[in-house]
Amino acid sequence: MTRARPKTTLETDSFPEGRVRRGLLRILDESPLSALATIGPRGRAHINTAYFAYSPDFEFFFLSDPRSAHARNLRREPSAALAVFRSPQTWGGEDRGVQLFGTGSETRGRTALKAERTYADRFPAYRRWAEGSGITPAQAAQFRTYRFYRFLPRRFKILDEAEFRGTLFVEGTFRRGR
């Protein structure tokens, strides 16, 4: 499959865009699990873990039950943050991870189809599960209620001690083209 050239650039004052992109992609590829922070009722913080997939333009997709607390929170207040990091790191090592800040919402139409395609590309087992292979009828019924969500980051904060030696964090923004 030939992918279109990404329309999203990463802007930072510290390092060239290509180097920052390579570092970010390495972190995302190493870590299929994320922590999504949303704003709950009365401004209270809520966090959950979710497997995620992402597009070349840094659209992040995850699958969830629309009745979950984070899905309800996103309907009420789309502001969210996503943290991605490998969990077997040790304190004092060459750590790496990324924090992303933006908005999230349930997908619809073509975006929902793109989300499903992107997610299935990253998680081949998802296709079998979506077809009902190896799950009970009750699990299949519950699965049919799930929806894809898209998180669209505006800002990033990368920790990659091996790549950006001596720099604690590389901060920047996503510039989305048309």
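Nothing in this text is a laboratory measurement; each read-out follows from the coordinates by a stated rule. Quantities reported herein were computed from a predicted structural model and do not represent experimental measurements. Cβ coordinates were reconstructed from backbone atoms using ideal geometry, including for glycine residues, and neighbour counts include every protein chain displayed.
When only DSSP loop residues count, what chymotrypsin sites (Phe, Trp or Tyr not before Pro) in region 60-128 have their Cβ near at most 14 other Cβ atoms within 10 Å?
Values: sites: Phe60, Phe61, Phe62, Phe85, Trp91, Phe101, Tyr119, Tyr126; in loops: Trp91.
Answer in residue order: Trp91.
At 222 nm, what value in deg cm²/dmol follows for the chain if DSSP H runs of at least 4 each add -39500 (n - 2.57) and the sum is divided by all its residues, to the nearest 500?
Numbers: 5 runs with 50 residues, N = 178.
Here the helix-only value at 222 nm equals -8000 deg cm²/dmol.
Can you tell me the FRET efficiency between Ala112 and Asp13 if r is taken as the Cβ-Cβ distance and R0 is 41 Å, rounded to the nearest 0.05? Numbers along the way, then the final one.
Numbers: r = 36 Å, r/R0 = 0.88.
The value I calculate is 0.70.
Region 80-99 to region 115-178: how many Å between their Cα centroids?
16
Which of these, Ala125, Ala83, Ala50, has the largest mean-square fluctuation under a Gaussian network model of the chain (Cα springs below 10 Å)?
With Cα springs under 10 Å in the chain, the top fluctuation among Ala125, Ala83, Ala50 is at Ala125.
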